[in-house]
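Nothing in this text is a laboratory measurement; each read-out follows from the coordinates by a stated rule. Given the structure is predicted, the values throughout are model-derived calculations rather than measurements. As a convention, Cβ positions derive from the backbone with ideal geometry for all residues, glycine included, and neighbour counts pool all protein chains shown.
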Amino acid sequence: MAVLLDTAVLPKQDRAEAFYAAMMSASVPSRVEHEDPSGDVHARMDFWRLGTPDLFRNEGSGIRLVRTPKHVRIGGPERLALAVQVIGSGVFSQGGVDQRVRTGELMLVDLTAPYDFAWSGRGASLAFQIDYDDLELSVETIRTAARRLPSSPLYDLMLHHLTVLPGIISSLQGTESADLVGTATTQLVRALLTSAADNDVQHPHAMADVLFTRITWYARQHLADPDLTPTRIAAAHNISLRYLYKLFAEQHLSLEQWLITERLKGAARQLADPAYRHRSIAAIAAGWGFLDPGHFTRRFRKAHGMTPQEWRRTTHRP
C-alpha cells in the first residue's frame with residue numbers, strides 16, 4: 001500500500017494543493033473544490049496496485065470533483081471506476097443522470113466522460129479502477145449496467161468484496177498473488193456488469209456478453225492445457241465454432257491471439273516471481289501450454305521486447 005496523502009502531517013495552508021496533486025496522480029484530471037477551503041481541509045489517500053487495475057481510497061472533509069469536457073479533451077487513460085461509498089453519502093452525476101450514493105452503495109464512473117461527484121462533511125470512497133480493454137465489454141453493456149447495478153444478483157457479493165479488499169491485499173503487495181487478486185476482481189466486476197445489463201430484456205448485447213464472460217473464465221482455468229483449442233472451448237459451451245469466433249470478433253479480439261496473450265501474461269508473472277526462481281524457463285513455459293521452448297521464446301520476445309531470460313533478470317522481485 002502507498003499512502004499518497006495524509007494531511008495530518010502538513011501545514012493547513014499546504015493541504016489543498018497537496019490534495020489536488022495526490023488526486024491527479026491517483027485518478028484522472030478534474031477540478032477539485034473543497035467544502036470549506038479556508039477551514040479544516042483534511043484527507044488521507046491510500047493506493048494499492050493490483051497488476052493493471054488499482055484500488056484507491058479517499059477519506060476526508062467535504063469535497064466536490066468535477067470532470068469537465070475540457071478535462072476529457074486533455075486526455076487520460078481509458079478507464080472506469082467501480083466505487084463504494086464507505087462513509088457518509090455522495091451525489092454523483094454523469095450522462096444526465098443524478099444519483100444519491102449512500103453508505104454501502106456502489107456507483108460506476110466512466111472516467112473517459114464528464115462527471116460531478118461530491119460529499120458534505122466527513123466522507124470516504126473506495127474505488128476499483130480498471131482499463132476498459134480488460135473488461136472486454138461493449139460500451140452498450142456498460143452503459144446499461146451503470147443504470148441497473150442494484151438489479152444484479154452479484155451486487156451484494158461485489159459490495160462485500162470491495163469493502164474487505166484493502167485488508168486482504170495490504171499483505172500481498174508486490175507478489176503474484178496481488179496481481180491475481182486484481183484479475184479476479186476484474187472478472188467479478190465484469191460479471192456484475194453483464195448480469196446487471198442482462199436483467200434489461202431490451203438489451204440485445206447482454207446475453208452475448210454473459211456468454212463471452214463464461215468462455216473467457218473457462219479458458220483462463222485451462223490455459224496450462226496445451227489441448228485447449230477453439231473446438232474444445234466451443235464444445236464446452238454448446239456453441240458452434242463459427243459463433244465462438246463471432247463472439248471474439250465482436251469484442252475486436254482474435255481468439256487464438258487472446259489465448260497466446262493470456263498464456264504469456266501468466267508465464268511473465270511467474271518469471272518475475274522469486275517463488276519460481278528455481279523453476280526452469282522451459283518448465284514455466286510448459287506450465288502455460290508452450291511445449292516448444294523455441295516457439296515460446298519467439299512469442300515472448302515479440303510480446304515483451306526481450307527474451308524470457310532477460311525478463312527474468314530485469315523484473316526479478318527481491
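Which whole number in µm²/s is D for the chain by Stokes-Einstein, with the Kirkwood Rh taken over Cα pairs at 25 °C and 0.890 mPa s?
It comes out at roughly 115 µm²/s.
For region 49-132, what ratio Rg/Rh do Cα atoms give with a Kirkwood hydrodynamic radius?
We get a ratio of 0.95 for region 49-132.
Subtracting the Cα-Cα distance from 0.36 nm times the residue separation, let me have the gained length for A113 to R232 in nm, one decimal.
Full extension of this stretch gives 38.9 nm more.
Quick one: compute the contact order of region 222-315, relative version, from alpha carbon pairs under 8 angstrom and 6+ residues apart, as a percent.
29 percent
Gain in length, V91 to T103, computed as 0.36 nm per residue apart minus the alpha-carbon separation, to one decimal in nm? Kindly include the intermediate steps, with their values, before the conclusion.
Working: separation 12, 0.36 × 12 = 4.32 nm, distance 1.15 nm.
Result: 3.2 nm gained on full extension.
I need the P(r) histogram for region 2-190: all alpha carbon pairs, bin width 10 Å from 0 out to the longest distance, whole percents.
Answer for region 2-190: a P(r) of 9, 37, 39, 14, 1 percent.
Please identify, among V164, V189, V32, the residue showing maximal mean-square fluctuation in a Gaussian network model of the chain using a 10 angstrom Cα cutoff.
Answer for the Gaussian network model of the chain: V164.
Work out how much length E33 to T52 would gain on full extension: take 0.36 nm times their residue separation and subtract the Cα-Cα distance, in nm to one decimal.
Stretched out fully, the E33 to T52 stretch lengthens by 3.9 nm.
Go ahead and set up a Gaussian network model of the chain, Cα springs under 10 Å, then flag whichever of V97, V28, V84 fluctuates most.
V97
Any chance you could give the angle, 0 to 90 degrees and rounded to 10, that helix 12-26 forms with the longest Cα principal axis of the chain?
Tilt relative to the chain: about 20 degrees.
In the neighborhood of S177, defined by Cβ-to-Cβ distances under 11 Å, what is the net charge if each Lys or Arg adds +1 and each Asp or Glu adds -1?
-2
What is the sum of charges around T186, taking Lys and Arg as +1, Asp and Glu as -1, for the other residues whose C-beta is under 13 Å from the C-beta of T186?
With Lys, Arg at +1 and Asp, Glu at -1, the neighbours total -3.
Describe numerically, in nm with one decimal, the distance between label points set 7 Å from Cα along Cα→Cβ at R73 and at A283.
It is 5.8 nm.
What percent of all Cα-Cα pairs in region 260-318 falls in each 10 Å bin, counting up from 0?
It works out to 26, 63, 11, in whole percents.
Let's test the formula: R0 of 30 Å, r as the Cβ-Cβ distance of R298 and A2. What FRET efficiency results, to the nearest 0.05?
Once rounded, the FRET efficiency stands at 0.25.
Which of G95, G62, G182 moves the most in a Gaussian network model of the chain with Cα springs under 10 Å?
Looking only at G95, G62, G182, the biggest GNM fluctuation is shown by G95.
Can you give the percent of C-alpha pairs in region 200-291 whose distance is more than 21 Å?
When every Cα pair of region 200-291 is considered, 39 percent fall beyond 21 Å.
Please give, to one decimal in nm, the separation of the simple spin-label points placed at Q187 and M24, each 7 Å out from Cα toward the Cβ.
3.8 nm
Once you place label points 7 Å from the Cα toward the Cβ at D40 and Q257, how far apart are they in nm?
Between D40 and Q257, the label points sit 5.6 nm apart.
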